[in-house]
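Novice: Sharing a structure below in structure tokens format, with a few things to ask.
The values are calculated or read from the model by the stated rules, or taken from the named source; none is laboratory data. Because the structure is predicted, anything quoted here is derived from the model rather than measured. Counting neighbours? That spans all protein chains shown, and the Cβs are built from the backbone with ideal geometry, glycine included.
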Amino acid sequence: MKKIMLFVLAICLCFTAAGAALAETAVTEKPAAEMTAEELNKAGADAIKAEDFGKAFEYLQKAADLGDANAMESIGYLYEYGLGAEQDYGKALEYYQKAAKLGHADAMGSIGYLYAHGLGVEQDYGKALEYYQKAADLGSVWVLCNIGLLYDEGCGVEQEYGKAYEYYQKGADLGDAMALNNLGYLYERGAGVEQDYAKAMECYQQAADMGEPFAYAGIGDLYRQGLGVEKDYAKAVEYYTLAVEQGEPAGLFGLGDCCYEGQDLDKAAEYYRKALEAGYEPDEKEQAHLKEVLGNEYQQK
């Protein structure tokens with residue numbers, strides 16, 4: 001099962017550590033016109049926490065007008081994911097660029113993400129790597145995993161598992177859960193490192209403990225296939241279900257695999273369909289399997 005995916009920025013509102021700490025407090029009653037940029041950022045963060053994205057835009061725009069780079073990056077995020085406004089990658093890029101010009105590391109990383117996915121811009125892995133590297137040089141942690149992924153999959157660069165390992169390890173050392181997960185997948189495959197299922201399990205478990213849902217699917221894979229542990233379908237189902245409960249489509253695909261191997265083909269097909277509908281991207285081996293199970297139905301997707 002493919003466990004590597006481009007890092008999803010939905011966990012990165014990136015208000016900086018100070019801004020995140022401020023988001024824990026209640027919204028001030030002070031009129032917006034009297035707030036400092038820091039107070040406006042706090043109010044915007046509180047509004048996002050309360051899912052009042054319209055109000056968040058109001059506060060963050062005022063902070064951005066005062067030249068606050070964190071607010072600019074946050075507005076870019078809201079446009080990128082269509083929160084409180086119509087999804088607009090062009091607008092997202094505009095605000096990310098404004099913040100990046102002021103030295104905002106995560107905004108630079110977000111520009112790289114847009115280029116990596118071709119969101120509002122022509123897909124350009126070279127540009128993605130350029131911005132990711134700039135962000136990493138300024139201290140952004142999550143981009144390390146994304147740089148590793150480019151080397152892992154050979155996107156815009158020569159495929160180098162050693163380089164992938166280097167960047168995943170850097171991210172893991174700094175506490176990035178997805179980097180830990182992807183490091184585990186290198187150990188599971190023996191890509192750039194000696195194959196070590198125990199190490200893979202250790203990385204997946206650490207990532208899962210940090211709240212990375214993709215890691216639950218990785219643990220499920222190891223139990224389903226009996227890699228480094230005794231084969232245990234009950235355990236596999238347990239971990240795949242944990243992944244599904246946190247919105248990870250890889251868990252649905254894993255449940256489909258369990259049903260397929262248990263010869264419940266109708267149920268397997270149902271889970272595979274759900275996984276695809278939820279955005280799961282199968283690798284080449286899985287695509288061939290889906291064509292076998294779903295036939296023309298999958299070929300039309």
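Novice: What tally of residues in the range 74-98 results from selecting those that are on the phi > 0 side of the Ramachandran plot and either without any contact (Cβ under 8 Å) to a residue 12 or more places away in the chain or in a helix (DSSP H, G or I) (or both)?
Specialist: 1
Novice: Within the range 285-294, can one find any residue that is among the charged types (D, E, K, R), under 21 Å from G226 (Cα atoms), in a helix (DSSP H, G or I) and touching a residue at least 40 places away in the same chain (Cβ under 8 Å)?
Specialist: The answer is yes; a qualifying residue exists.
Novice: Could you list all residues from the range 101-121 that are touching a residue at least 24 places away in the same chain (Cβ under 8 Å), under 18 Å from V143 (Cβ atoms) and surrounded by 17 or more Cβ atoms within 10 Å (Cβ to Cβ)?
Specialist: H104, A105, D106, A107, M108, G109, S110, G112, Y113, L114, A116, listed by residue number.
Novice: Output the residues belonging to the range 166-186 that are within 17 Å of L129 (Cβ to Cβ) and either among the aromatic types (F, W, Y) or touching an Asp or Glu at 6+ places or on another chain (Cβ under 8 Å) (or both).
Specialist: Of everything in the range 166-186, those that are within 17 Å of L129 (Cβ to Cβ) and either among the aromatic types (F, W, Y) or touching an Asp or Glu at 6+ places or on another chain (Cβ under 8 Å) (or both) turn out to be Y167, Y168, N182.
Novice: Can you find, within the range 83-103, the residue that is nearest to A50 (Cα to Cα) among those that are of a type in the set (G, A, S) and modelled with pLDDT of 95 or more?
Specialist: Restricting to residues being of a type in the set (G, A, S) and modelled with pLDDT of 95 or more, the top hit is A92.
Novice: Let me ask something additional. Based on what the data block shows, is Y165 surrounded by 24 or more Cβ atoms within 10 Å (Cβ to Cβ), aromatic (F, W, Y) and at negative phi?
Specialist: Answer is no for this residue.
Novice: Could you list all residues from the range 259-282 that are under 25 Å from the mean Cα position of the chain (by Cα) and not in a loop (DSSP other than H, G, I, E, B)?
Specialist: Y271, Y272, R273, K274, A275, L276, E277, listed by residue number.
Novice: Collect the residues in the range 216-231 that are small (G, A, S) and in contact (Cβ under 8 Å) with a residue 40 or more places away in the chain, keeping them in residue-number order.
Specialist: A217, G218
Novice: Residues that are modelled with pLDDT under 75, at least 2 per element: which helices (runs of 4 or more DSSP H) completely within the range 1-73 meet that?
Specialist: Once the helices (runs of 4 or more DSSP H) in the range 1-73 are filtered for at least 2 residues that are modelled with pLDDT under 75, what remains is 16-22.
Novice: Can you spot a residue in the range 86-109 that is basic (K, R) and within 14 Å of A135 (Cα to Cα)?
Specialist: Yes, the range 86-109 contains at least one residue that is basic (K, R) and within 14 Å of A135 (Cα to Cα).
Novice: Say whether the condition of being out of contact with any helix residue (DSSP H, G or I) (no Cβ under 7 Å at 6 or more places or on another chain), within 22 Å of Q195 (Cα to Cα) and surrounded by 16 or more Cβ atoms within 10 Å (Cβ to Cβ) is met by at least one residue in the range 287-296.
Specialist: No, the range 287-296 contains no residue that is out of contact with any helix residue (DSSP H, G or I) (no Cβ under 7 Å at 6 or more places or on another chain), within 22 Å of Q195 (Cα to Cα) and surrounded by 16 or more Cβ atoms within 10 Å (Cβ to Cβ).
Novice: Within the range 209-222, is there a residue that is modelled with pLDDT under 95 and under 25 Å from A179 (Cβ atoms)?
Specialist: Yes, because at least one residue in the range 209-222 is modelled with pLDDT under 95 and under 25 Å from A179 (Cβ atoms).
Novice: Let me ask something else about it. Report, ordered by the first and then the second residue, all pairs with beta carbons closer than 9 Å, sequence separation of six or more or different chains, a first member in the range 138-159 that is closer than 20 Å to A100 by Cα, and a second member that is at pLDDT 95 or above and β-branched (V, I, T).
Specialist: none
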